[in-house]
Amino acid sequence: FFLAQQFFLLIFKVFFGLCKHLQLAVKEQKTKSEQAQENEKIMKALLEENSAMKNRLDDLQCVNIPPRSSSEGCISKPCCSCDGKALEEMRSQYLKTVSKIKKRHRVLV
């Protein structure tokens, strides 16, 4: 009788340990799933913002912007290639910043 009781206690401990292990695994999987969903939302928002920036860049590349004041020594008609280069540089800096944010977010996850 004593051996049977010991055997059942051993089985109970093993079963209880498996249940705790499974609960922990389910909790970890749920956390990873939530993090993946959050990453997907962030990625989607960044892609939309990037697309909007590209559209703005295309719209602004050949727009002649009048100077604020001729007395300030401004050029009356800036060349499109100069404006395009500046906007392209801004876009490049934006993309680098987005990349850094993504890397930091991945490290935190």
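No value in this document is a laboratory result; all are computed from the given coordinates. In this text, all values refer to a predicted model and were calculated from it rather than measured experimentally. We place every Cβ from the backbone using ideal geometry, glycine too, and count neighbours over all the protein chains shown.
Select from region 37-62 the residues that are more than 21 Å from Thr97 (Cα to Cα) and among the hydrophobic types (A, V, I, L, M, F, W, C) and list them in ascending order. Scanning region 37-62 gives Leu60, Cys62. Beta carbons closer than 7 Å, at least 6 apart along the sequence or on distinct chains, pair a first residue in region 86-100 that is closer than 18 Å to Gln61 by Cα with a second that is not in a helix (DSSP H, G or I) for Leu87/Gln61.
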